[in-house]
1. If you check Q74 against the conditions, is it under 15 Å from G22 (Cβ atoms), among the polar types (S, T, N, Q) and modelled with pLDDT of 90 or more?
2. Identify all residues within the range 42-59 that are in contact with a Lys or Arg (Cβ under 8 Å, 6 or more places away or on another chain) and open to solvent by less than 20 Å² (accessible area, probe 1.4 Å); write none if there are none.
3. Which residue pairs have Cβ atoms under 6 Å apart, sit 6 or more places apart or on different chains, and have a first residue in the range 52-69 that is closer than 21 Å to L80 by Cα and a second that is assigned to a loop (DSSP other than H, G, I, E, B)?
4. Scan the range 8-27 residue by residue and report those that are touching a strand residue (DSSP E or B) at 6+ places or on another chain (Cβ under 8 Å) and not small (G, A, S).
5. Of everything in the range 60-80 that's in contact with a helix residue (DSSP H, G or I) (Cβ under 8 Å, 6 or more places away or on another chain) and among the polar types (S, T, N, Q), which residue is most open to solvent (accessible area, probe 1.4 Å)?
Amino acid sequence: MTTNTVGDVVRVVITGASSEIGLILSYYIARGDVFGPNQRLFLVLVESSSKLKQLKKGTSVELGMCGLHLIHGQKCTHVLDEAFKDADVIFLVSGIQSSPGLSRNDIIGVNALEYK
């Protein structure tokens, strides 16, 4: 990945943001562990429409309470076209869970269709 010049804001999209993994990943990104301690960020937190309320009351609030200075904006949405527009980096955390009889290829195929 080519990083933006110092001072630019990197637009980071995280799907499945209301999950435990989504919350933890969001925190580490916003803390500076992924793009560096000085990289300003605009976070786009994505979740299904049925979990959007949970996202707004959970992950979004948690990140706000942490006082992370790298966050220069944040948006919660369930609309993928809106979320992915102008994204610099996308973390696809959400998807179907594994279950008996599903291979990794099956899971990857089904999840790929979700974002197609």
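1. yes
2. Filtering the range 42-59 down to residues in contact with a Lys or Arg (Cβ under 8 Å, 6 or more places away or on another chain) leaves 42-45.
Across the range 42-59, the qualifying residues are L43, V44, L45.
3. L52/H78; Q54/S18; L55/A17; L55/S18; L55/E47; G58/S18; T59/A17; T59/S18
4. Passing the criteria: D8, V9, V10, R11, V12, V13, I14, T15, L25.
5. Q74
The values are calculated or read from the model by the stated rules, or taken from the named source; none is laboratory data. On a predicted model such as this, the values are computed, not experimentally measured, just so you know. Every residue, glycine as well, gets a Cβ built from its backbone with ideal geometry; the counts of neighbours run over all protein chains shown. The protein model used for the area step is the full one, side chains on, heavy atoms only, and it has no ligands, DNA or RNA in it. Shrake-Rupley method; radii C 1.70, N 1.55, O 1.52, S 1.80 Å.
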